[in-house]
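S.K.: Attaching a single structure in structure tokens format; questions to follow.
The values are calculated or read from the model by the stated rules, or taken from the named source; none is laboratory data. If you're wondering where the values come from, they're calculated on a predicted model, not measured in any experiment. Glycine gets a Cβ as well: all are built from the backbone with ideal geometry, and neighbour counts include every protein chain shown.
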């Protein structure tokens, strides 16, 4: 596998992990199994049926939990401690055949990519949960599922497309950062007023 493909799979795995880790791992494993794809570095481990089975089961659980307002945000908070480190590890694993210093760089950059996509997903869903109707939350969740699986496939077969997707995703993260920050500052002020002494 050439360097561009390795970078695309490492970058895609890390970024998608921040959105839906289990969909990413299951999709990579199934692609490896059914298309006889040789994944780079140590990522070949995801084609184990045990890994595919566990990732698929967890994806089904997340698929359901992610469609329910407020449960999805609780799930996202818990997965802050799972998605970001896992994204970093997947990126480093893709460079398993490279020097340790390259693997460490991939680990750091992969963690940053996973954090950016996870932070944007979690904050956006928290904003949507303030809406009284449940449809936007459900639609957002479906879009995230399609984006996660589609981006994983693009990372494997269409690396240039993956670079564009991740680039657009990073621009959206930067654009939404101030809005999300203002929302949480406002929410924090409201919570403080509830607990402030009369």
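S.K.: So, residue 14, is that one surrounded by 19 or more Cβ atoms within 10 Å (Cβ to Cβ), touching a helix residue (DSSP H, G or I) at 6+ places or on another chain (Cβ under 6 Å), part of a helix (DSSP H, G or I) and free of Cβ contacts under 8 Å to residues at least 40 places away in the same chain or not?
M.R.: Here the answer is no, as residue 14 does not meet what is asked.
S.K.: Would you mind telling me which numbered condition in (1) touching a helix residue (DSSP H, G or I) at 6+ places or on another chain (Cβ under 7 Å); (2) closer than 28 Å to residue 178 by Cα; (3) in contact (Cβ under 8 Å) with a residue 12 or more places away in the chain residue 70 fails?
M.R.: (1)
S.K.: Also: When you look at residue 66, is it farther than 23 Å from residue 167 by Cα, at pLDDT below 95 and crowded, with 21+ Cβ neighbours inside 10 Å, yes or no? Walk me through how you get there before you give the answer.
M.R.: Values: farther than 23 Å from residue 167 by Cα: yes; at pLDDT below 95: yes; crowded, with 21+ Cβ neighbours inside 10 Å: yes.
Yes; evaluated as a whole, the condition is true for this residue.
S.K.: Ok, one more. Only one of these is surrounded by 15 or more Cβ atoms within 10 Å (Cβ to Cβ) and in contact (Cβ under 8 Å) with a residue 60 or more places away in the chain: 84, 46, 51. Name it.
M.R.: 84
S.K.: Name the single residue, out of those in region 17-34 being free of Cβ contacts under 8 Å to residues at least 40 places away in the same chain and surrounded by fewer than 20 Cβ atoms within 10 Å (Cβ to Cβ), that is nearest to residue 91 (Cα to Cα).
M.R.: This residue is 30.
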